[in-house]
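Read-outs: derived from the displayed coordinates by stated rules, not from any lab. Note that the coordinates shown come from a computational prediction; the quantities given were computed from them, not determined experimentally. Methodologically, a virtual Cβ is constructed for each residue, glycine included, from the backbone with ideal geometry; neighbour enumeration extends over all protein chains shown.
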Amino acid sequence: MNRIIKEIDREDKKNPYTDQELSDMLGIKRSDIVNFRKEKGIPNSRDRRRDLVMREIRAVIMETPDITERGLTDILVKNGYRISRSAVAKMMKEVETKGEFLNKKTENNDISIKKITEINKKIENDLINENVGFENLIGINGSLKEKVNLAKSAIMYPPNGLHTIIYGESGVGKSELANCMYEYAVKKKIKDDKSPFIVFNCADYAENPNLLISQLFGVVKGAYTGAGEDRAGLVEKADGGILFLDEIHRLPPSGQEILFSLIDRGEYRRLGESSNKRKANVLIISATTENPESSLLTTFRRRIPMFITLPNLDSRSVEERYEIILKFFERESKRINRNIIVTKEVLYALMNYKCKGNIGQLKSDIQVSCARAFSKSTKEDNKVIIDTDSLREHIKKSLPKENKILKNEKYDTLEDIYIDINEINNVNKNYFSKHEVNEIYRYVEKELKVLEGKNYSEDEIKNIFFDKLDKKFNQIKKNNIMSDRSEKQMISMNLKNETVEIVDKVFELLKNQYESINNALYPALAMHLEHAIQRLKDGKKIINPGLEKIKKSFTEEYEIARYVVGIVEDVINITFPDDELGYIAYYIHKFCMNKDEVEQKVKVIIATHGKVGIEMSKVVNNVLGLECTYGIEVPLEESPSDGVESAMLDIINKGFNTDILLLMDMGSLIILGDKIEESLGVRCKVLSRVDTVLAMEAGKAAVIEGKSLDAIIHDLKDSTNISVINQKNGDFHTKASENKENILITICLSGKGTAITVKDILEKQLKDMKHEEIKVVPLGMILENEFEDEIKQYEKEFNIIAICGTIDIGYNNIPFISYSDVMNGKGAERVVEILKSNKNHMEKDNHIGLKNLIYEELVLENIEGISKEYIIDTLVKKLEDGGFVDSRYILSVYKREAMGSVVISQKVAIPHGLPENVIKPAIAIAKLSKPIIWDNEFMVEVIVLIAMKENNKSEIKDLLFKLSDLEFMEELLKTNNKREIIELFSEEY
């Protein structure tokens, strides 16, 4: 055992030996090395280098406070450390806390504790005030986050900032960003409070260079006819501040050139001066709608180091567009000094219409709608109602037919908005905000104002309100279920101790009443009760117009709510009104169930190679608050057949007697569905994909919604691109063809009569060729804008082989057969050719062969693997460059890796992404010159990155079979070049 100590003593201190490395080097069991270390008090490899790494990280952060995780990782790697970005991120968080600086000794004796404290204080203040100046900019944490970071960098860069070009379409907010940059500079004390912000539109003087120069730089008396006195220019006025040059593309080349000396040396002359050089410290921010590459001089562009491109309105998220719309309505409410009601139909239209002028046009259109509505109101009205009649015609066109809002999850939360000029700051700025959704009282008050504004009777208001309340609680339930917040996280969200005590006691009460309580009730009820208590303390009323209906509909829940209120009153000595009991009863109704209510018709099983399925199941069950899914591990070291048997035994031991939905990742698990049906005598459907979102949807449908197996499959197929596997023969059937009847469609632009005639001819020809099973559907006259909708309806129920017509409309790559072919007797022959082609194509796709997926340019041998991320990035780049995957593939790989890595024999890692991001199937291979740490657990020598489509099941199976074979692995590790690697993977096995 002394050998262990010797090796540790002489190891590279930057990269200490892991227990596995010591085991491989000394021929001693890893477990024996671990026990010896612990006995001797020797830290593990991570802890042995911890102080060394932390010192280096501190030094870098002190020198470069704004360095990113990636930047710091790159520096450490260049300095000789083998370290992952995730490990660096954890250490950065420690270093950037006050406690880390004060409690750890620093090697730099020149840095005093006082100085370190000051630095930490600055870091804390920076974190608190990081968005000053930009706080009112919508999208600061979304689509504009990176843009704002660039803008901050331009302002902060020493000594005087970086000159900047802001590029974007008209109306995207270039001027607003420039203003925010100025505010940021002032509030961060980079610029003086009185420093100027001067705006100059270059278009105003584009055609007159002399006037342009005089405006920018000033003029001396007598410089030209009419120059009767000395006059300062905008540059002089902007000294010490910012000069914003709007529409800089309108500045002619001569105009751009006169700025060179100002940009280069901070010098300029007034028009008419020949010798006197003036000085000015001016930061230039410019804006343009034209591509700077073509509209500005190259010599000018080189002098402007910062370039910021702003997205157009269509590129912004629906959340951001909603906030922008709301902001403009709030401004108009203040302008006209009236409360405003905006109907949800108007909101839908404004969020969906094509706004070519971006935010600028959106603002104008909202102003027009408010003006129209205002003109219809009377002086006595204290509110203005913005309905669809107030909209311009081009906006109305975005509304669905019959004015019905489409059923789209993104717009589920759209409601009429009530903007009170006295409470504008309390309007829900983001209808996607989970915290706001739970604030039921504000919602109730706004909805009542909206309903009362529409002259409903009291009974009508109660009935409508009850329906709205039910919808609102569905949103609350959904938002809390999907929020992934634990009870401990909720407690840390500034909840008062008394609230936590109340909710804990309420949970104990409910556990005695219900067999299943969704965990999401904890945060939802905690926030609600905190609002209720504070509201009563503030002397505000709690109103529940649906109280009587709640009492009748949820009698049991209402009685339990009485006990809940008793708990609240005992803890805080406050009386709750009956209206509040109604809300609490609704929470109980939505989140609590008894066994008979949660009996599953379907069990959802997640089966994966490795522990990914088990961990994914835990995540899903924790988020949904119920045991909705069951994870199964297929051991990586077992052969495919043994792996299936292990999984099958695990499933049998669970004693399932219901239908089963099996989510599987790849390989030999295809046959698991057959075995389940044979052994358990239940129906089993297998889906050829597994990810957390899909598992969550399946679990929710099975348990919370209690749907049947067929209903779940139908819903998942409609909302995703999954494939259902026919277990009996292993074939993959996509949504387009699974168990669907083949049909031909005939269309005729002149009328249905001709289409029917062609139908009759085709049916006779098909019968003669013994294909009478193919149905022919005549559609007759179809207008172009209606054609797609009509065909989509047929695609839902049938597999469309081809479209016959006089004109090839070219829909969705469906084959076209001309009427002339039909009349010449060749129509049916074309149909048969298409069927054969489809069959051959499927067969070809399904049997590519493993050797045809290995390309020389995708095989890297004896490369130095700096880190896991470096290897993945390198291999995916190879795949992208070769046209095998799209740009989104790399994200799907990292998402999959985040759920857990697939490693075989502890030496081969198999990262992979989603099939929908694969253009052409391929396998990328990297054989390393020396092992690297993979997820702080394995020493990996080979990385096999799989880019497969869903119909490459046989190739996946062959690959896993090879990699699971010890003899194959030994030969793979002995290979010395690309040729040997390719030959080994290409051999029949």
Response to the item:
In this structure, the FRET efficiency calculated for residue 9 and residue 307 from their beta-carbon separation, with R0 = 35 Å, to the nearest 0.05, is 0.10
Worksheet item: Looking at this model, which pairs from 187/334; 930/962; 13/145 are more than 30 angstrom apart at the alpha-carbon?
Response: 13/145
Response to the item:
Under 5 Å from the placed amide H of residue 398, counting only residues 5+ away or on other chains, we find none
Fill in: Point-to-point label distance, residue 199-residue 824, nm (Cα→Cβ direction, 7 Å offset)
6.8
Item to complete: Take 322, 418 and order them by how many other Cβ atoms sit within 10 Å, fewest up front.
Response: 418, 322
Item to complete: Subtracting the Cα-Cα distance from 0.36 nm times the residue separation, let me have the gained length for residue 974 to residue 877 in nm, one decimal.
Response: 32.3 nm
Worksheet entry | Subset of 511/590; 78/978; 611/920; 468/590; 397/468; 618/654 violating a 18 Å alpha-carbon distance limit | 78/978; 611/920; 397/468
Item to complete: Sort the following peptides by mean Cβ neighbour count (other Cβ atoms within 10 Å, averaged over residues), highest first: 167-176, 34-43.
Response: 167-176, 34-43
Discussion item. Using Cβ counts within 10 Å as a stand-in for footprinting exposure, how do 819, 587 rank, fewest first?
Written reply: 819, 587
Worksheet item: If you keep only loop residues by DSSP, which trypsin sites (Lys or Arg not before Pro) in the stretch 508-547 have at most 13 other Cβ atoms within 10 Å of their Cβ?
Response: 540, 541
Practice prompt. Between residue 537 and residue 619, with labels modelled 7 Å along Cα→Cβ, what's the label distance in nm to one decimal, could you check?
Written response: 3.8
Discussion item. Quick query: amide H of residue 608 versus all other amide H atoms, modeled in the peptide plane; which residues come in under 5 Å with a sequence gap of 5 or more or a different chain?
Written reply: 613, 632, 634
Item to complete: Enumerate the residues in the stretch 58-73 having an amide nitrogen under 15 Å from the point lying 7 Å beyond the Cα of residue 153 toward its Cβ.
Response: 64-72
Worksheet item: FRET efficiency for residue 170 and residue 34, Cβ-Cβ distance as r, R0 = 56 Å, nearest 0.05?
Response: 0.30
Discussion item. Under the 0.36 nm per residue contour assumption, what length would be gained going from the current alpha-carbon distance of residue 257 and residue 965 to full extension?
Written reply: 247.9 nm
Worksheet entry | Note, ³J(HN,Hα) from phi for the stretch 56-66, Karplus 6.51, -1.76, 1.60, rounded to Hz, x at Gly and Pro | 5, 5, 4, 4, 5, 5, 4, 7, 10, x, 8
Worksheet item: Where does each of 612, 571 land when they are ranked from fewest to most other beta-carbon atoms within 10 angstrom?
Response: 571, 612
Worksheet, complete the sentence: The FRET efficiency for residue 78 and residue 354, from their Cβ-Cβ distance with R0 = 45 Å and rounded to 0.05, is 0.35
Worksheet entry | Net dipole in debye of the stretch 847-986 [+1 Lys, Arg Cβ; -1 Asp, Glu Cβ; about Cα centre; nearest 20] | 200
Practice prompt. Quickly work out the residue 143-to-residue 983 label distance, labels modelled 7 Å from Cα along the C-beta direction, and quote it in nm with one decimal.
Written response: 5.6
Worksheet, complete the sentence: Taking 645-651, 769-775 and ranking on average Cβ neighbours within 10 Å, highest first, one gets 645-651, 769-775
